[in-house]
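A short write-up of the structure that comes next.
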Amino acid sequence: MMVKLDVGQSLWINGSSFYKQDPRVDEYIIEKINSKSVYVKKKNGDFQLRLDKKTLTCSELPFFYKAYLSASQYWLTIERAKLKEELLVKINSKLKALSLEQLQEIDKYVDEKKVMKV
């Protein structure tokens with residue numbers, strides 16, 4: 001990611017785990033930055049995290065933390081993931097009704113698109 005970060009800047013962090021995956025972000029304030037890490041503290045709280053500076057993530061089992069530059073960036077990511085999941089379900093249900101030949105055409109089309117992106 002490698003964006004310019006400053007001490008005192010806000011980051012919005014989502015914490016998730018195997019049993020807690022509800023969409024939510026909390027505001028954290030950058031307290032210290034070094035060559036490999038960003039140290040943040042929860043706004044109006046005592047909880048501290050050390051994030052990897054390149055990925056803005058932290059993995060402390062069983063939790064995984066991901067930082068975003070703004071709350072709106074996080075919510076846009078959530079909306080895009082929901083839309084993708086809805087489209088996958090919709091497309092999958094339609095694929096079941098197609099013939100083998102139609103599925104083969106779709107497979108060929110998808111393979112061609114993969115080659116074009118590379």
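The values are calculated or read from the model by the stated rules, or taken from the named source; none is laboratory data. Here the structure is a predicted model, which is why all the values come from computation and not from measurement. Neighbour counts are summed over all protein chains in view; Cβ atoms, including those assigned to glycine, are modelled from backbone coordinates with ideal geometry.
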(request) Among the candidates 90, 108, single out the residue that is without any contact (Cβ under 8 Å) to a residue 60 or more places away in the chain and either under 26 Å from the mean Cα position of the chain (by Cα) or assigned by TED's automatic domain parsing to the domain that holds residue 29 (or both). (result) 90
(message) Being free of Cβ contacts under 8 Å to residues at least 40 places away in the same chain and closer than 30 Å to residue 110 by Cα: is that true of residue 41 here?
(response) no
(message) Step by step: first the residues of region 18-31, then only those that are surrounded by 12 or more Cβ atoms within 10 Å (Cβ to Cβ) and either in contact (Cβ under 8 Å) with a residue 12 or more places away in the chain or not assigned by TED's automatic domain parsing to the domain that holds residue 55 (or both), then the one that is farthest from residue 78 (Cα to Cα). Which residue is that?
(response) 31
(request) Please give the strands (runs of 3 or more DSSP E) falling wholly within region 11-115 in which 3 or more residues are among the acidic types (Asp, Glu) and in contact with a Lys or Arg (Cβ under 7 Å, 6 or more places away or on another chain). (result) 26-33
